[in-house]
Amino acid sequence: MSAERNRLDLFDHALRYRGVMELASAGCDDDEIASYSGHSSKDMIRKYAGQARKMMRAQQAWEKLQ
């Protein structure tokens with residue numbers, strides 16, 4: 001039972017993380033993301049959303065070269 005619970009918790013975490021990444025990629029700000037994800041700490045949002053925003057900036061930079 002413990003292994004199954006751990007697996008489900010990891011699955012929930014992955015979905016929440018993916019949701020934050022998708023919202024950040026869509027241009028949502030931290031407050032909008034927090035409303036969706038339920039994170040009480042903006043630090044976690046900045047951590048997850050920051051990765052998505054960094055990838056977006058890299059893509060935008062690449063497109064400028066084209």
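Every number here is computed from the coordinates shown, using simple stated rules; none is lab data. Because the structure is a prediction, the values reported are computed rather than measured. All Cβ positions, glycine included, derive from the backbone under ideal geometry; neighbour counts span all protein chains shown.
Summary of values
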read-out	value
In Hz, Karplus ³J(HN,Hα) per residue of region 38-50 (6.51, -1.76, 1.60; θ = phi - 60°; x = Gly, Pro)	x, 5, 8, 9, 5, 4, 5, 5, 4, 5, 6, 5, x
Extension reserve of the GLN60-ASP43 stretch, reckoned as 0.36 nm per residue once the Cα distance is removed	3.6 nm
Cβ charges +1 (Lys, Arg) and -1 (Asp, Glu), total dipole of region 2-65, debye	280
